[in-house]
Amino acid sequence: MKVNEVPQEDGFYQPDSTVLLRDRNFALDENGKFTEVPSAGWGPKNDAIKFTWKNRMEEAEEIRRQVIAGKSSPLAYHMIKLQMTPPILSGYTGISKRKIKKFCKPKHFASIGQGELDSLADAFGISVEELTSID
Amino acid sequence: MEINFEHRHAAHCENGVIRNLLNFYGVKLSEPMILGLGSGIFFSHMPFYKMQGMPLTSFRPFHGRILKRVTKTLGIEVQEYKFKDPDKAMEKLDEILFKQIPVGLRVGVYRLAYFPKEYRIHFNGHNLCVIGKEGDEYIISDPIGMNKNRLSATDLKKVRYAKGTNSPKGHMYYIKSMEHYRPITAEMIEKATLKTCSDMLDIPLPMFGAKGIAYLAGRVRKWEKLYGKTDAALNLAQVIRMLEEIGTGGAGFRFMYAAFLQEAGEFLKRPEWNELSMELSQVGDLWRDFSYNAARFFKQREGALSYNDLANKLDVISARETDVFLRLKNSIERGK
C-alpha cells in the first residue's frame, strides 16, 4: 500500500467526539520507506460490518413479528438486537441460562421480578421500559 | 490528578499500550518494533472455536502474548492483577495510579461508552491505559484514539467486568521495575524473528501459520454447502472484519510486520530484509485485494467472484507467506 492509497472512508458514528478513534495504516512513501498514516476507515471493512449488522437487524425484525404474534417475548427480541446470548447475559445478571431461555417465552416473561428486570435492563444498557417493549 | 504521560496514537491497542508505557519509562521503540519483538503476527482459522457463533479467524496470537514477550526480552518487570471483586479492582487501580504509575487495563468493548455501536461486540481483549483521575472520572489513553478521553468510574468498572469468552476480570498491569532493563540488541530481534517464523511455518496442525491460509481456502470452498448462502456470506464478512478491524494496521498486521522488517533490516544491516519487507507488503496488497473482492461478493455486485475464486486468492497468499517466512528464517540461520 502506498501513502496516497490509505483510505479515509469513515463509516460509523462515534459517540465521543474527543477521542476520535482511527485506524493507522503502514504505507510506503515515494522512497520505499514505511510511513504511518491515520485512516478514518475502509469501504470493504465498513461494508462487512454493515452486512453483519443488517443481518442481525433482519433477524431481530423476525423475532419482533413473533412477539407480536404472541410466540416470543421482548427479551428474545432485545437479545438478538443487542447481540446478546443467554450465557453472556447470565454472566452479567447472575440469572441462570435456563431461566433466561424461559423468559424468552411470553407467558414466563410476565412473571419476571422487578429485580431481575432491572439487572437485565442494566446488562443491555437500556431502561426497563425499553426492555418490556419492542419499539 | 493526571500523570505526565505522552498519549500517542497507535494502530493496535496492545502494542500501543506497551509502546506508550515503555515511552513513559524512557524506552523509545516504534510500534512495528514492538510487534516484531513480541512475535505478534500469526494466522489461524479454527472452525471449532467460535466467536459470535462463527469460526474464529485470527491474524495475531492470543492477547497478552506481546506484552509478555516484549517485557521479558527487555528484562522489564511487569506486575499483573485480576480480582473477583470489582470494588477491590477499582481500589487497587486508584492505589497504583496515585503513586503516579500509569496502569494498563484489559477491557471488553461491548459496553465501552465511546465505541460506535457497530463495534460493540463481545470482544474482551481491548487494551487501554489509565493515566489520571479527576473526581469520579478517569483519564484514559486509548491508543486507537487520536486523543485522550475520559470515562466515569461506573463506565470503567462495567468494561473491566465485561462477560463472555476471556472475561477480563478486572485485569490490570503496570511496569514494576526497570532495574534489569536491557536495551534492544541484534540478538533479541533475531530470536524474536525466529520465533515468528516458527509460528508461521512449524506448527504441525493444518489450521495454523502460513499453511493455515490454504486451510481457510479449503473451508471457504465448502462454506456454501456447509452453512447455506447467508451464513457463508456472514463468515466471509467475519474474515474481513478480523483482517481490517481497528488495530491491524491494514491487512491483518502484514503491513505492520513489513514495516518491522524494514526497520530491523537497517538495525541489523541486512539489506535482504528490506526485500522481504517489500514482498510482505505485496502480500498485504493481495490480502486487501481479497477483502475488496469479498466485499463486492456479499454486496452482490454484478461480476462478483465465486467462493472458489476467492479461495484461489487465499491459496496464492498462503504460498507467498510461506516463501517470505522461509527465506526470513534461512537468512537468520545462514548468518550464524
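Quick notes on this one:
- Criterion: of a type in the set (Gly, Ala, Ser), in a helix (DSSP H, G or I), farther than 21 Å from B:ARG219 by Cβ and within 14 Å of chain A (Cβ to nearest Cβ) - qualifying residue of B:SER331, B:SER277: B:SER277
- The selection criterion, being crowded, with 18+ Cβ neighbours inside 10 Å and within 11 Å of the chain's Cα centre (by Cα), does not hold for B:ILE76.
- Restricting attention to segment B:109-144 and to residues that are among the small types (Gly, Ala, Ser) and surrounded by fewer than 23 Cβ atoms within 10 Å (Cβ to Cβ), the residue that is farthest from the other protein chains (Cβ to nearest Cβ) turns out to be B:GLY135.
- Members of segment A:90-103 that are within 17 Å of A:GLU130 (Cβ to Cβ) and out of contact with any Phe, Trp or Tyr (no Cβ under 8 Å at 6 or more places or on another chain): A:TYR92, A:THR93
- Candidate set: segment B:83-103, residues that are of a type in the set (A, V, I, L, M, F, W, C) and part of a helix (DSSP H, G or I); chosen: the one surrounded by the most Cβ atoms within 10 Å (Cβ to Cβ): B:LEU93
- Screening B:PHE297 against (1) within 12 Å of chain A (Cβ to nearest Cβ); (2) closer than 23 Å to A:VAL3 by Cα leaves a single unmet condition, (2).
- When the test is whether a residue is buried (at least 17 other Cβ atoms within 10 Å of the Cβ) and away from every other protein chain (no Cβ under 14 Å), B:ARG320 passes it.
- Sole exception among (1) of a type in the set (Val, Ile, Thr); (2) under 23 Å from the mean Cα position of the chain (by Cα); (3) within 11 Å of chain A (Cβ to nearest Cβ) for B:ILE213, by number: (3)
- Residue selected from segment A:12-67 under the condition among the basic types (Lys, Arg) and touching a residue at least 12 places away in the same chain (Cβ under 8 Å), by the criterion farthest from the other protein chains (Cβ to nearest Cβ): A:ARG64
- Answer from B:ARG60, B:ARG106 - the residue that is buried (at least 16 other Cβ atoms within 10 Å of the Cβ), in a strand (DSSP E or B) and not assigned by TED's automatic domain parsing to the domain that holds B:GLY247: B:ARG106
- Applying the condition of being without any contact (Cβ under 8 Å) to a residue 60 or more places away in the chain and among the aromatic types (Phe, Trp, Tyr) to segment B:283-307 and asking which residue is surrounded by the fewest Cβ atoms within 10 Å (Cβ to Cβ) yields B:TYR292.
- The criterion of being part of a loop (DSSP other than H, G, I, E, B), within 10 Å of chain B (Cβ to nearest Cβ) and either exposed (fewer than 13 other Cβ atoms within 10 Å of the Cβ) or on the phi > 0 side of the Ramachandran plot (or both) does not hold for A:GLY70.
Residue by residue, here is whether (1) among the hydrophobic types (A, V, I, L, M, F, W, C); (2) in contact with a Phe, Trp or Tyr (Cβ under 7 Å, 6 or more places away or on another chain); (3) modelled with pLDDT of 95 or more holds:
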{"residue": "A:ASP23", "(1), (2), (3)": "no, no, no"}
{"residue": "A:LYS33", "(1), (2), (3)": "no, no, yes"}
{"residue": "A:GLY41", "(1), (2), (3)": "no, no, no"}
{"residue": "A:ASN46", "(1), (2), (3)": "no, no, no"}
{"residue": "A:PHE51", "(1), (2), (3)": "yes, yes, no"}
{"residue": "A:MET57", "(1), (2), (3)": "yes, no, no"}
{"residue": "A:GLU61", "(1), (2), (3)": "no, no, yes"}
{"residue": "A:LEU75", "(1), (2), (3)": "yes, yes, yes"}
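- A:THR93 vs. criteria without any contact (Cβ under 8 Å) to a residue 60 or more places away in the chain and closer than 21 Å to B:LYS158 by Cα: yes
The values are calculated or read from the model by the stated rules, or taken from the named source; none is laboratory data. Every value quoted in this text rests on a predicted model; they were computed, and no experiment measured them. Quick reminder, even Gly has a Cβ in these numbers, built from the backbone with ideal geometry, and neighbours come from all protein chains shown.
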